[in-house]
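Please treat every number below as a calculation from the coordinates, not as lab data. These figures come from a predicted structure and were not determined experimentally. Heads up, the Cβs are rebuilt from the backbone with ideal geometry, glycines too, and the neighbour counts pull from every protein chain shown.
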Amino acid sequence: MNHLIKGLNYLINRKENMKKNNQKFAERLKELRKEKGLTQSQVGAHLGMSHQNYRRWEVGERSPSGETLIKLADYFDVSIDYLVGRKNEK
């Protein structure tokens, strides 16, 4: 029983950490887009997707694939670590 409780606590903490990381990514993505004076539609078009799907990243509803993270980092000329909130240096 004790192992079950520890396992559940681990999963809950992991989910909370993932939520925080996703929120940081969403904030950075929106900030970078606005710094360049771009619309969600413009960035979505560059990535070959609709602005609705792109918007889901900015509001924290979804996360991009690793391949797309690389494209976003290249597009905004920042590191992936900056984009996902692991570092504060672009």
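First measure r as the distance between the Cβ atoms of residue 65 and residue 31, then evaluate 1/(1 + (r/R0)^6) with R0 = 22 Å and state the FRET efficiency to the nearest 0.05.
Details: r = 21 Å, r/R0 = 0.96.
Between residue 65 and residue 31 the formula returns 0.55.
What is the extension gain from residue 87 to residue 41, computed as 0.36 nm multiplied by their sequence separation minus the C-alpha to C-alpha distance, in nm to one decimal? The partial results should precede the final answer.
Values: separation 46, 0.36 × 46 = 16.56 nm, distance 2.72 nm.
Additional length available on full extension: 13.8 nm.
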